[in-house]
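The values are calculated or read from the model by the stated rules, or taken from the named source; none is laboratory data. Bear in mind that the values here come from a model prediction, so they are computed numbers and not experimental data. For neighbour counting, all protein chains shown are included, and Cβ atoms are generated from backbone atoms with ideal geometry for every residue, glycine included.
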Amino acid sequence: MEYIKNKWRHYNDSYPMFLEIFSTAVAFLALVIIFAILSDVFFTFRNVINILRRASIYLIMCTGMTFCIGSAGIDISTESILGVCTAILGISIMVWGLPVSAGILLAIITGFVLGLFNAAVITVLKVPPIITTLGTWTAYRGIAFVLLGGDIHYGFPDSFVWMGQGFVGVIPAPIIIASIVVIAGLYVLNFTRTGTYIKAVGGNEAAAQAAGINTWFYKGLTYTIVGVLAALAAVIATARVDAAQAVMGQGMSLHVIASVVIGGTSIFGGRATMIGTILGVLILGVLENGLLLAGFSHFWQLIALGLVTIVAVAVRTVRQKTSEDLI
């Protein structure tokens, strides 16, 4: 009996990397097949590129969120961080006349500072992550409106716009940038001590602390990663539309969190998979695009997003509870 329990524990530990990813991949392929049948233009090169270009912004943000949720945290302020960083880009480049590189650096620093503030409140003041980021979700959006008001800055330099609209051969620049970020996230999460410690903190914070892991540091690190990557996403999003406005990014947080959870990262922490996150982003990207081509409005897309998220969390919660009962 003890041998069976040990074998099951080994299977349970590797569950997200195998069965979760496999089931997510099957769901993705099923959606692709369904929408390819429903629409003649779904599988065209132009439409596939459109899906991937839109997904690139979410892939960057979801990389940070995978670390955050994997540590048993959550950050719903990420869309507002993107909004503030967009405002910084508009003011620094279009109003102050700073070089593109300086404007981007300033936006990245801003994202880091905003993420660091979230981290400090959560780790030092011990305010629950959902309460902290709910508050900063509102506060940061307010900062974006204070900075820009109702103004829209557009007409950015070509070198900046290229990051959202340019190509390297036939591949859009945003996809290349997102791929670099995802590969880096995959490496850190799975092949470094940092990734191991983050997952350990998410799995059992007390045990991780007893093992000598600096839990407050690694928990805080995930929120600064979220902030920096939200700033990078702001660069691409702003360059893509060649405009900066305070409302940029509104409604993206749910999409980001949903993609990560659908991909197999446990909402309770301890289990995180970048490959699953990629599939989760693509599932929602295909779902939105397919519904649009099928003639469904944006409101039906929101309904589908909400229901898919609930189902994904429910199924994985039941599976995790079942596996724990069998140990």
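Scanning segment 110-128 for residues that are touching a residue at least 24 places away in the same chain (Cβ under 8 Å) and in a helix (DSSP H, G or I) yields a total of 12.
For segment 39-61, name all the residues that are under 26 Å from Thr273 (Cβ atoms) and in contact with a Gly (Cβ under 7 Å, 6 or more places away or on another chain). Those that are under 26 Å from Thr273 (Cβ atoms) and in contact with a Gly (Cβ under 7 Å, 6 or more places away or on another chain): Ile51, Arg54, Ala55.
Please pick out the residue among Gly290, Gly270, Gly285 that is on the phi > 0 side of the Ramachandran plot and either surrounded by 22 or more Cβ atoms within 10 Å (Cβ to Cβ) or outside any helix (DSSP H, G or I) (or both).
Within the list Gly290, Gly270, Gly285, the selection yields Gly270.
For segment 129-212, the helices (runs of 4 or more DSSP H) that sit wholly inside it and include 1 or more residues that are farther than 30 Å from Ala243 by Cβ are 129-148, 173-191, 193-203, 205-210. Within segment 237-254, the residues that satisfy the criterion of being assigned to a helix (DSSP H, G or I) and surrounded by fewer than 23 Cβ atoms within 10 Å (Cβ to Cβ) are Arg240, Val241, Met252, Leu254.
The single condition among (1) assigned to a helix (DSSP H, G or I); (2) touching a helix residue (DSSP H, G or I) at 6+ places or on another chain (Cβ under 6 Å) that Leu302 does not meet is (2). Can you spot a residue in segment 157-175 that is within 15 Å of Thr66 (Cβ to Cβ), at pLDDT 95 or above and crowded, with 18+ Cβ neighbours inside 10 Å? Looking through segment 157-175, none of the residues is within 15 Å of Thr66 (Cβ to Cβ), at pLDDT 95 or above and crowded, with 18+ Cβ neighbours inside 10 Å. Counting the residues of segment 173-205 that are over 16 Å from the mean Cα position of the chain (by Cα) and of a type in the set (A, V, I, L, M, F, W, C) gives 6. The residues of segment 28-39 that are exposed (fewer than 15 other Cβ atoms within 10 Å of the Cβ) and at pLDDT below 90 amount to a single one, Leu38. Whether any residue in segment 204-217 is touching a residue at least 24 places away in the same chain (Cβ under 8 Å), out of contact with any Cys (no Cβ under 6 Å at 6 or more places or on another chain) and surrounded by 22 or more Cβ atoms within 10 Å (Cβ to Cβ) is what I want to check. No, every residue in segment 204-217 fails to be touching a residue at least 24 places away in the same chain (Cβ under 8 Å), out of contact with any Cys (no Cβ under 6 Å at 6 or more places or on another chain) and surrounded by 22 or more Cβ atoms within 10 Å (Cβ to Cβ). Scan segment 210-221 for residues that are of a type outside the set (A, V, I, L, M) and farther than 21 Å from Asn118 by Cα and report the count. Final tally of qualifying residues: 1. Of everything in segment 61-106 that is outside any helix (DSSP H, G or I) and under 12 Å from the mean Cα position of the chain (by Cα), the residue that is surrounded by the fewest Cβ atoms within 10 Å (Cβ to Cβ) is Ile76. Just so you know, in segment 228-247 the residues that are under 15 Å from the mean Cα position of the chain (by Cα) and of a type in the set (Gly, Ala, Ser) include one that is farthest from Phe112 (Cα to Cα), and it is Ala237.
In contact (Cβ under 8 Å) with a residue 12 or more places away in the chain and not small (Gly, Ala, Ser): is that true of Val201 in this structure? The answer is yes for Val201. A residue that is at pLDDT 95 or above, touching a helix residue (DSSP H, G or I) at 6+ places or on another chain (Cβ under 8 Å) and among the hydroxyl-bearing types (Ser, Thr, Tyr) cannot be found anywhere in segment 254-266. Among the residues making up segment 180-194, those that are over 12 Å from Gly64 (Cα atoms) and either exposed (fewer than 12 other Cβ atoms within 10 Å of the Cβ) or in contact (Cβ under 8 Å) with a residue 40 or more places away in the chain (or both) are Ile180, Asn190, Phe191, Thr192, Arg193. Residues in segment 24-44 that are in contact (Cβ under 8 Å) with a residue 12 or more places away in the chain and either of a type in the set (Lys, Arg) or in a helix (DSSP H, G or I) (or both): Thr24, Ala25, Ala27, Phe28, Leu31, Val32, Ile34, Phe35, Leu38.
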